[in-house]
1. So V232 passes all but one of these: (1) open to solvent by 90 Å² or more (accessible area, probe 1.4 Å); (2) more than 21 Å from V143 (Cβ to Cβ). Which condition number does it fail?
2. Just checking, which of E248, E242, E256 is open to solvent by 80 Å² or more (accessible area, probe 1.4 Å), modelled with pLDDT under 85 and closer than 30 Å to K134 by Cα?
3. For segment 186-212, enumerate the residues that are in contact (Cβ under 8 Å) with a residue 24 or more places away in the chain and open to solvent by 60 Å² or more (accessible area, probe 1.4 Å).
4. Need a quick list: helices (runs of 4 or more DSSP H) entirely within segment 1-107 having at least 3 residues that are under 24 Å from the mean Cα position of the chain (by Cα) and modelled with pLDDT under 70.
5. I want to confirm something. Restricting to segment 139-165 and keeping residues that are over 26 Å from P193 (Cα atoms) and in contact (Cβ under 8 Å) with a residue 12 or more places away in the chain, which single residue is most open to solvent (accessible area, probe 1.4 Å)?
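The values are calculated or read from the model by the stated rules, or taken from the named source; none is laboratory data. Nothing here was measured: the structure is a model prediction, and the numbers come from that model. Cβ coordinates were reconstructed from backbone atoms using ideal geometry, including for glycine residues, and neighbour counts include every protein chain displayed. Calculation scope for accessible area: heavy atoms of the full protein, side chains included, ligands and nucleic acids excluded. Shrake-Rupley method; radii C 1.70, N 1.55, O 1.52, S 1.80 Å.
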Amino acid sequence: MQNRLYNFFTNSRVIGTAILLSTLAIFLSGYNFETNLFIFIDSFFTLFFLAEAIVKIRELGFKAYWKSSWNKFDFIITLIALPSLLSFLESINIQSNLVLSLRAIRVFKALRMIRSVRILRIVPNLNQMLKSIKMALKACFVVIIGFFVLMLITAIISSALFGNIAPEYFSTPGQSVYTTFRIFTIEGWYEIPNLVAERSSAGMAVLVKIYFCVLLFAGGIIGMSLINSLFVDAMAEDNNDEVMRKLEDMEKTLKEMQEKLDTKDDKNKV
């Protein structure tokens, strides 16, 4: 019986379907329909994932269970979601201060939507894909850090220069970082400079436009393009290595076959 339960809870299709239905219930419950159906469905899947964790721990042992990163993720999300079970009290008209305070915990139920990422485990070559992404991030790590340092410095400068002129964009360094990132991603690349220029003197407006053109070129065109090219190149490099290994194996096999043929010809001549 226990083996059947373990096989059931380790079936990718079963867990994937449960994740999708649970996510759908969370999504629909946000529309405040005049029904408690989605609350009960959500509570059911909370218990379902709790049962999944218990069955796996009993079968594998907690030490072996905890070695898996996916199991750690599942356990933590399930643990966070447990207090939301008390929300069903509200649905049956049992009101108390405790229940009212637990309404805030419903926010954490949305974290279970992240569990749907587990469905990606059934994607072919997923491990190879994740390995390539990891290698790509390592390859362009220094460039990414440099990019964010550039963004931070320019954001601080922009906040000092334009904080009083356009406070909705540069009032604080934090707000300025977001605005600078928008410009780097070519979002609002002309609306923001034009607004600042309109609120400045004629001479200052020219300098403002030059400043933002340099900012867009350095961060948006060069910076973002550099990161994209390095990331794509690093991901493709792993695939190229695999192709080269296969070619080397083929070359080695052909060489061995040629040596055997040469040996056979020598014997025939003798």
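1. All conditions pass for V232, except number (2).
2. On the way: E242 fails: open to solvent by 80 Å² or more (accessible area, probe 1.4 Å); E256 fails: closer than 30 Å to K134 by Cα.
Within the list E248, E242, E256, the selection yields E248.
3. Within segment 186-212, I186, W189, R199 qualify.
4. On the way: elements: 2-9, 12-29, 37-60, 62-67, 69-81, 88-91, 97-102.
Helices (runs of 4 or more DSSP H) meeting the threshold: none at all.
5. The extreme case among them is A139.
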